[in-house]
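Colleague: Here it is, the structure in full.
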Amino acid sequence: MAVQLYKHSSDAVREVKNIFCVGRNYGEHALELGNAVPTEPMIFGKSTHAAIAADGDIQLPAGSTDIHHELEVVLWISRDYEPGIQVADITGGIALGLDLTDREAQNRLKAKGHPWEFAKGFRHSAVLTSFYTLRPEEWESALATPFSLTLVESEGMRTAQVGRMAEMIFSLQTLVDFVGRRFDLRPGDVLYSGTPAGVGPLTDGVEAHLRFGDATWGVCRFGLAP
Ligand code: ZN
């Protein structure tokens, strides 16, 4: 697979229009948090202030103690949605992203039946690598390619999450149609496609390596804001 750079992460962060996300799109991840496997996509959003490049230092909200990493494949929408459009045609490029989640706050809000915005949409909660184009014939191998998150902590290095797009509950095509019909999708929108199992808290000073197959697409280091 010879993916080509489509958009640098810093340009993507400046140009992003709407951030759509899907929850519980990998069975093992739904179960690890004690949630049922959904019967239709569960969509939420983040403000554009959440977007930040997966490059260098990233500050997490001061005082937070339970910010989880959720590694996800992210689509860059480059054409207007219309019924019948193929995911390969509406997508300009794919990136890896981290849908950062304040798990403590999310659990508190879920228990009350309240919206998740506070737990999901905070500043720097939508981390993005650069975007890469796939030629039509490259999509199939991309779906089978493992993407991973490796964390370098003081105790050493470990691979926290590995997933393959082929393991999604709802395919990218299903997600594009579901979001497009309801909300519309237009150039500059991004779609986080859900996280595989292995989510967990980011420790202060941890370095995160986001890899697609053998290629490193982003490296960033997390620390708490003062
Ligand atoms: Zn997520």
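Read the figures in this text as sums done on the coordinates, not as results from a lab. As the structure is a computational prediction, the values presented were derived from the model and not from experiment. Note: ideal-geometry Cβ built from the backbone for every residue, glycine included; neighbour counts use all protein chains shown.
Colleague: Suppose we keep just the alpha-carbon trace of the chain; what are its Rg and Dmax in angstrom?
Modeller: So, for the chain, Rg and Dmax equal 16.2, 50 Å respectively.
Colleague: Per-residue ellipticity at 222 nm for the chain, helices alone: DSSP H runs ≥ 4 residues times -39500 (n - 2.57), over residue total, nearest 500 deg cm²/dmol?
Modeller: -5500 deg cm²/dmol
Colleague: List residues of segment 180-222, by number, whose backbone nitrogen lies under 15 Å from a label position 7 Å along Cα→C-beta of A166.
Modeller: 213, by backbone N distance to the label point.
Colleague: Same structure, new question: Can you compute the charge dipole magnitude of the chain about its Cα centre, using +1 on each Lys and Arg Cβ and -1 on each Asp and Glu Cβ, nothing else charged? Give it in debye, rounded to the nearest 20.
Modeller: Dipole of the chain, to the nearest 20 debye: 500 debye.
Colleague: Any idea what the dipole of segment 126-226 comes to, in debye rounded to 20, about its Cα centre with Lys/Arg Cβ at +1 and Asp/Glu Cβ at -1?
Modeller: Details: 8 positive and 12 negative charges, 39 e Å.
The calculation lands at about 180 debye.
Colleague: Between Q4 and T48, how high is the FRET efficiency from 1/(1 + (r/R0)^6) when r is the Cβ-Cβ distance and R₀ = 22 Å? Nearest 0.05.
Modeller: Details: r = 25 Å, r/R0 = 1.16.
That gives a FRET efficiency of 0.30.
Colleague: How many angstrom lie between the C-alpha centres of segment 147-226 and segment 96-141?
Modeller: Taking the Cα centre of segment 96-141 as reference, the centre of segment 147-226 is 7 Å away.
Colleague: Note down the nm distance, to one decimal, between modelled labels 7 Å out along Cα→Cβ at L33 and at T174.
Modeller: Output for this residue pair reads 1.8 nm.
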